[in-house]
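The structure under discussion appears below in the form of structure tokens.
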């Protein structure tokens, strides 16, 4: 089927093909002959997919679009401060070939005008056996993800006509902005402008910037985030020359155009757009390039103000654990403790991205909990992205909360948040039911008399057996056998036939299966709970293992068969009890995963 | 407990209190006496929370921070084009009080320098019985969320000393940028600069911009998104005067400072920072204001390049329905059809934000599905934010997919995506199990012989009864009664005692409960399925209703009691069957919600 994005770009390409304003760059003879009908639009994503419409594999010279990349290499070579001493980052309000040097120091206004770009090129020295230009060509190639080359014809033409740029270089030398013979840098600058790219290359070079400096196809980290931040900032404020303000207002994407007809625009974190069309406007930018980028940005809401999503609260749900009790059966006294003190344990569920703003709303919420809240269950399973700043804030939050003598527990699957927060003694639970059970037990131990929570269960305590009489339970007990397991020992696995019903007297058992090649724990059972009621068959392989030492009473399949033969009443009572217990759990499970629908 | 964010800001405030550079604005006598030790830092979020540290309720005059707001009012009054004809949006590279008019037209370079700001003020006319200045004061007040007033003392002082601004106004008049007597606008401009705000006001004014023009406390949409985009763009490129480029590079937040000592910076979609500290640097910006904002932006990764999250694929999971069969029991022939053709139905689960980039990755994925895929189940329950652009792309995707003769179905709770995609005949399911069952039935009808899927079930078809012999089933059948229900009719509700087991012969029934005040459907059952095995008690209120006409066979509680008395073998077989069926469902449910944990 046809991709709507490709259709959109194709329609845009067709519509803008009728836009015939402008002429190709005339100052350099080798470029004046460019075909004005050549037209490509590309869009590359941070995962490396490129939509290519039109003449996307036609090469042209990169010209001024090389400026941010060489500037980036200078930043990586010398650091921000050293480069800033040579080249300022202020928009000049002037055309690209204006002189724009500070009167006192000769410092060019920014690296996007020719003077600043030549200064940046002069900063690139040879290293590792390669001369300066080889390193410039190399970084361009690494951004593009393929080996680029230079058009010797355009280079010769640039070198033969570039007197204004030679003058700029000499002027920069006079101010000691260029410290050596300016002939070398200006020649490298001509070569750099003559690097041949196609629209696909430009899109991927831009996508590398959008992707924080990592080339999305090769996976190489070409420059670091600090360099990317500076490159994109300068492109936003100075990239479109004397039109930069109007560009930022209308388009709001860092961008760079070149007189070769190329244009590259970047939406940080998301994508890059490139256009190739040789006819230029009076600013020296591709007419169709400007038009296409403006339309895509406006029609797809890519302006930096619009692309910022309105931050929601990171809090998805918040309730005292009494709103969602674990379902563990308690004696009346323990239940009373929970009724009275249950509000002291609260569950807060976070979701969405946890960057500064998300972490802020989470900590604000937690900070405002009343002092009576002793236990906080932080459910972070629905959190998407987390950055270091947010992790730092969450750690601070944990520290503040726990130094007040209160306890935090985290509910998480695999994740950076629990790696950080649960590195010490803060417990981690895979699901809310387990966490709530833990919180309930803490509350009962803290606020009830000692001994209210048994570390083990006797058969009459089992919820599953509650419909049975004491006599029936004693009868069953006589027919059961003890089993003990060491930590980690396998108790049951799928493929085994029905082995009877297992009653957990002490310890915990965990059931796991395999999903997407990962072993996944899906339930943990403790004293007073049963398992094994059905044969584990079909579907993904299931294993039930002891977590720590475990003591079980087992009503084996043979024992059940004997009951069915010998005592029909007991057999019926047993199966009715098991069925009722099972359906109670079905109903609990269904409601736990209930979703909101219009009905 | 202490909020980590507040602690952070408090520490920053303490550390920067030692920064003693600069002096308060001296040119206006009424301002020269400002206390240089006054110092406030505020941070306001798009949900209207304000962190306030220091002298956050000390009033000072807004000065140049009024410029973007009056400009915004001019944009709302006249539209972008009319305002652009009077005031350009290009950074001037000059100080705030430079003349910076275009030589030919006299158009000021941008609305953040005095000339442009006075031009913007001149565009504000009286309306609705209020003069121009009353409207200027009003829009500032609406941004702040409270009634602001003017310092008459500072106004008098500004008016008595503002000869340079009068000169600018006269110059603007000479170019017809100001069309009436310039005395009125320049007086309004002095008044506007003398509006009194405190740091909390500035933070909320910025948060209104961050929030797309909606004041987060009052909820008023003060200006529209197009105006906000322009205001923030101009603040980013021109807001910090001749320091704008360095500001954008290092801080990357649209910002505005005023000689009154205020500074406001905005992270679109997220928050705003404000600082008040009178001592100014040589650019006329608060020294501590600049320092605090730079540190917060750097330390909390708020630069527009860093705050952009790297777009992930919107695809969370993708699998053929054969990987997660509905569990509906089929006859062998139907099961064979699914084995052979199950790959023709695929489920794609989306997550995260669905702005352009997310929608792009979703459509790319769907567009690349092989032609053999006839049915696409699109699960959008985990999608966070959706914008109009993404909705448009999803609609295009639907159109492309469905015109190829293929069927789309959506899995969603309440949401904008299903509102749009399911407006026509595209079915909507609340959960994946229901959607997969629908897909299976379509595949069986399309690729199997007719009649393979019965619209109704007979008792021997019921999975729950499969362990019983034909004779036992016939015996049960004799003891059951028929019940029929109309569409929407209530079949059972919680609080009723155990009413027996319900066998669905034809039609669908839906079980719902209440969560967070919303009625929530949590399961839908069809022919061949059973319900009612336990009394519905405790927890949230449950209702089971007919969806369309429904025919049931019911084994009532009385009938079951009779069986238990009269036929112990049948009773045992029945309860064993029910228990096994129930535990099969427990196991399915548990595994369906399984989560990945390290074990």
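Observations on the structure shown:
- Other copies of residue A:26: label-to-label distances in nm, shortest first, labels 7 Å along the beta-carbon direction: 5.4
- Counting, for every residue in A:389-399, the Cβ atoms of other protein chains within 10 Å of its Cβ and taking the mean gives 3.
- Relative to the other identical copies, residue B:449 shows label-point distances of 7.5 nm, where the label point lies 7 Å from Cα along the Cβ direction and values run shortest first.
- Pair residue A:382, residue B:455: separation of 7 Å Cα→Cβ label points (nm): 3.9
- Here the contact order of the stretch A:130-244, divided by its residue count and restricted to Cα pairs under 8 Å and six or more residues apart, works out to 28 percent.
- Distance between the C-alpha centres of the stretch B:270-290 and the stretch A:438-507: 66 Å, rounded to the whole angstrom.
- Relative contact order of the stretch A:4-307, taken over Cα pairs closer than 8 Å and 6 or more residues apart, is 26 percent.
- On Cα atoms only, tilt of B:114-123 relative to the major axis of chain B in degrees: 70
- R0 of 45 Å, Cβ-Cβ distance residue A:497-residue A:225: FRET efficiency to nearest 0.05: 0.20
- Counts of other chain beta carbons within 10 angstrom of each beta carbon in peptide A:358-368 average 5.
- Chain B: relative contact order in percent, alpha carbon pairs under 8 Å with at least 6 residues between: 11
- A protection proxy built from the mean count of other Cβ atoms within 10 Å ranks the segments A:104-111, B:220-227, most packed first, as A:104-111, B:220-227.
- Rounded tilt (10° steps) of B:568-592 against the dominant C-alpha axis of chain B: 30
- Prolate/oblate/rounded label for the stretch A:315-447 (Cα gyration tensor, a/c 1.5): prolate
- Isotropic mean projected area of the C-alpha convex hull, the stretch B:1-152 (nm²): 12.2
- Average 1/r across all pairs of distinct alpha carbons in chain B, invert it, and you get the Kirkwood radius: 29.3 Å.
- Proxy reagent accessibility, fewest Cβ within 10 Å first, across B:554, B:542, B:234, A:251: B:554, B:542, A:251, B:234
- Stretchable slack from residue B:149 to residue B:399, in nm (0.36 nm times residue separation minus alpha-carbon distance): 84.4 nm
- Taking a ≥ b ≥ c as the square roots of the eigenvalues of the Cα gyration tensor, the stretch A:380-532 is oblate, since a/c reaches 1.5 or more and a/b is not larger than b/c.
- Inter-copy label distances for residue A:294: 3.6 nm (label point placed 7 Å from Cα along Cα→Cβ; shortest first).
- On Cα atoms only, tilt of A:470-479 relative to the major axis of chain A in degrees: 80
- Helix-only arithmetic for the protein assembly as shown: the sum of -39500 (n - 2.57) across DSSP H runs with n ≥ 4, divided by the residue total, places the mean residue ellipticity at 222 nm at -12500 deg cm²/dmol.
- Cα principal axis extents for the stretch B:375-425, largest first, Å: 30, 20, 16
- R0 of 45 Å, Cβ-Cβ distance residue A:324-residue A:102: FRET efficiency to nearest 0.05: 0.10
- Long-range Cα-Cα pairs in the protein assembly as shown (distance over 47 Å), rounded percent: 44
- Sorted peptide list for B:113-121, B:274-282, criterion being average Cβ within 10 angstrom, highest first: B:113-121, B:274-282
- Cα centroid separation, the stretch B:561-580 to the stretch B:106-174 (Å): 88
- Peptide A:12-22 has a mean shielding of 0, counted as Cβ atoms of other protein chains within 10 Å of each residue's Cβ.
Throughout, read-outs are computed from the coordinates displayed, never taken from laboratory work. Fair warning: this is a prediction, and the values are worked out from it, not measured in the lab. Reconstructed Cβ throughout: ideal geometry from the backbone, glycine too, with neighbour counts over all protein chains shown.
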